[in-house]
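Everything below concerns the one structure shown next.
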Amino acid sequence: MSIQAAVEGLHARYAHALDDDRLEEWPDFFTENATYRIATAENEARGLPLPVLSCDSRAMMRDRIQSLRHANIYEPQRYRHMVSSVLIKEIDKTRVASVANFLVIRIMQDGGTTLFASGKYLDRILLAPEPKYEERVVVCDSRRFDTLLAIPL
Amino acid sequence: MSIQAAVEGLHARYAHALDDDRLEEWPDFFTENATYRIATAENEARGLPLPVLSCDSRAMMRDRIQSLRHANIYEPQRYRHMVSSVLIKEIDKTRVASVANFLVIRIMQDGGTTLFASGKYLDRILLAPEPKYEERVVVCDSRRFDTLLAIPL
Amino acid sequence: MSIQAAVEGLHARYAHALDDDRLEEWPDFFTENATYRIATAENEARGLPLPVLSCDSRAMMRDRIQSLRHANIYEPQRYRHMVSSVLIKEIDKTRVASVANFLVIRIMQDGGTTLFASGKYLDRILLAPEPKYEERVVVCDSRRFDTLLAIPL
């Protein structure tokens, strides 16, 4: 399998885990000390360190999912991810950088469907023993966000 | 060619046939006794056997397209399919299961464009002599559907 | 690398260049005498030679980008491209034809986001020394367009 196919496979499994509401599996797509960050294109362009959401380890990610499951303050909703235009660049023998476009549809409980978010994933991926994100930065095109941005993107 | 590429090619040819209004070619993407079903995520989760649309053979699919062409009761419309995040799993030496996300844009005759449907394709694919669907279940995210869901998804 | 992967890589680099506002790089995705055309599905179906936009050489493309940068009459906006369902067909040993579906999200400066355009790319691609478009026809599904269609699609 090519590195391109391996990376696209990782992105695809990640998308389906979130879309199937298998949120408990989400941290497993990352290495133990991975960082995950949701930012806006505007803040990234200005170099402002103001992420919408930030996790510095897999433990933090697990906490976040636990809170989500127990707090349960948000209106039930599901996502549908589309991922496209995946480019990869070798960093060293064990790592690649990846950029990919994404679009997320949000489906509310009443069946209402909206284009929720679009943007790009900027990833650093450790390839072996199986591909995992060391860093995933989700750069959202719009700064308009729900106050309760609940589910990871 | 890898099995992944063969499956993605099948999904792509299927999408373009529908988007180009080559509906008569639609049954040819299936094996003779294939099943095709459009369902909602809600009903699938509840195990309810209430498909929005169901065909149990290629002959039924041909009938459906004939009716569509002759009845012609629906407002002229076209689709644009986006397919993403294709995952495959070997069933046996001749078959694979595939899951893929999709999104369909609908274009009405006056040029109005809407996000018509999103969801996932759950497929069982026979690989040889050329890849064809033995089963395609279209699980739509929203239960909100037009009463006249005319064109296959 | 397979030809399929090479073509998908070209489409992906093209999309990211536009989405990152690296418009000056846009002509470099084409051969020197390439043609680029934005048309509507309606006019294409009728055989009407009325493109929304047309460039007959890389020089014309460079001019267009220069005008865009200097005239600066349009409201600041960014795009996000999604590309899907890429099919290729060998023309001869050095060229392939490619068809792909696309969808473009437009992000205005106030953060407002809309589905701006959808359609298909019809391309003729020269493979070596590196893949470049000899011809790119952007067939848009809707004839509804902003009077100021500024950025290439």
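Given axes a ≥ b ≥ c from the Cα gyration tensor, I'd like to know whether region C:52-123 is rounded (a/c under 1.5), prolate (a/b larger than b/c) or oblate. Please report the intermediate quantities before stating the final value.
Details: a/c = 3.65, a/b = 1.40, b/c = 2.61.
Oblate is the answer for region C:52-123, as a/c is 1.5 or above yet b/c matches or exceeds a/b.
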Next item on the list: May I ask you to report, in nm to one decimal and beginning with the shortest, the distances from C:A45 to the same position in the other copies, taking label points 7 Å along Cα-to-Cβ?
Entry: 3.7, 3.7
Item checked: Calculated from backbone phi, Karplus (6.51, -1.76, 1.60) coupling profile of region C:124-131 in Hz, x at Gly/Pro -> 10, 10, 8, 7, 10, x, 9, x
Next item on the list: Would you mind checking the tilt of helix A:58-71 against the longest principal axis of the Cα atoms of chain A, expressed as 0 to 90 degrees and rounded to 10?
Entry: 20 degrees
Notebook entry, point to check: What does the charge count near A:N101 come to, summing +1 for each Lys or Arg and -1 for each Asp or Glu among other residues with Cβ under 9 Å from its Cβ?
Noted result: +1
Next item on the list: Starting at the first residue of region C:109-115, write each ³J(HN,Hα) from the Karplus equation 6.51 cos²θ - 1.76 cosθ + 1.60 with θ = phi - 60°, in whole Hz, x for Gly and Pro.
Entry: 5, 7, x, x, 10, 9, 6
Next item on the list: Would you pull out the residues with amide H under 5 Å of C:T40's amide H, same chain only if 5 or more places away, H placed 1.01 Å from N?
Entry: C:V52, C:C140
Next item on the list: For C:T35, enumerate residues with amide H under 5 Å from its amide H, sequence gap 5+ or separate chain, H modeled in the peptide plane.
Entry: C:E135, C:R136
Item checked: Shielding by partners - mean other protein chain Cβ count within 10 Å, residues of A:83-94 -> 4
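Under a Cβ-Cβ cut-off of 15 Å, what is the net charge of the residues other than A:T35 that fall near it, where Lys and Arg count +1 and Asp and Glu count -1? All intermediate terms of the calculation are to be shown ahead of the outcome.
Working: positive: A:R37, A:R58, A:R62, A:R64, A:R95, A:R124, A:K132, A:R136; negative: A:E32, A:E44, A:D56, A:D63, A:D123, A:E134, A:E135.
The answer is +1.
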Checklist line | Highest-fluctuation residue, A:R95, A:R78, A:R69 considered, GNM on chain A with Cα pairs under 10 Å | finding: A:R69
Margin query: If I build a Gaussian network model for chain B, linking alpha-carbon pairs within less than 10 angstrom, which residue out of B:L18, B:L126, B:L87 has the largest mean-square fluctuation?
Written below: B:L87
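Tell me what the protein assembly as shown gives for mean residue ellipticity at 222 nm when only DSSP H runs of n ≥ 4 count, each as -39,500 (n - 2.57), the sum divided by the residue total, rounded to 500 deg cm²/dmol. Please list the in-between numbers first.
On the way: 9 runs with 111 residues, N = 459.
Rounded to the nearest 500, it is -7500 deg cm²/dmol.
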Notebook entry, point to check: Taking the label point as lying 7 angstrom from Cα along the Cα-to-Cβ axis, what are the distances from C:Q66 to the corresponding position in the remaining copies, in ascending order and in nanometres?
Noted result: 6.2, 6.2
Note to self: In whole Hz and in residue order, list the ³J(HN,Hα) couplings for region A:86-95 that follow from phi through the Karplus curve 6.51 cos²θ - 1.76 cosθ + 1.60, θ = phi - 60°; x for Gly and Pro.
What the structure shows: 7, 10, 10, 9, 5, 8, 8, 5, 10, 9
Next item on the list: Given the options C:L103, C:L122, C:L68, state which has the largest fluctuation in a GNM of chain C using a 10 Å cut-off (strictly under) for Cα springs.
Entry: C:L68
Next item on the list: Please give, to one decimal in nm, the separation of the simple spin-label points placed at C:I3 and C:R69, each 7 Å out from Cα toward the Cβ.
Entry: 3.6 nm
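Neighbour counts of other C-beta atoms within 10 Å: give me B:I38, A:I65, A:I107 arranged from fewest to most. Before the final figure, lay out each step's value.
Details: B:I38 20, A:I65 17, A:I107 25.
Neighbour counts put them in this order, fewest first: A:I65, B:I38, A:I107.
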Next item on the list: Would you please give the residues with an amide H less than 5 Å from that of B:I91, counting only those at least 5 places away or on a separate chain, with H modeled from the backbone geometry?
Entry: B:V96, B:A97
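Which of the pairs A:K120/B:K132; A:K120/C:K89; B:K89/B:K132; A:K89/A:K120 have their Cα atoms more than 24 Å apart in this structure?
Numbers: A:K120/B:K132 33 Å; A:K120/C:K89 30 Å; B:K89/B:K132 15 Å; A:K89/A:K120 16 Å.
Beyond 24 Å between Cα atoms: A:K120/B:K132; A:K120/C:K89.
By the scheme Lys and Arg +1, Asp and Glu -1, what is the net charge of all other residues having a beta-carbon under 13 Å from that of A:D123? Don't skip to the end; give the middle numbers.
On the way: positive: A:R37, A:K89, A:R95, A:K120, A:R124, A:K132, A:R136; negative: A:E8, A:E134, A:E135.
Charge balance near A:D123 sits at +4.
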Notebook entry, point to check: Could you give the angle, 0 to 90 degrees to the nearest 10, between helix A:3-19's Cα long axis and the longest principal axis of the Cα atoms of chain A?
Noted result: 20 degrees
Note to self: Could you tell me how far the Cα centroid of region B:20-54 sits from the Cα centroid of region B:80-103, in Å?
What the structure shows: 15 Å
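Values in this text are rule-based calculations from the coordinates and carry no lab data. In this text, all values refer to a predicted model and were calculated from it rather than measured experimentally. Backbone-built Cβ (ideal geometry, glycine too); neighbour counts: all protein chains shown.
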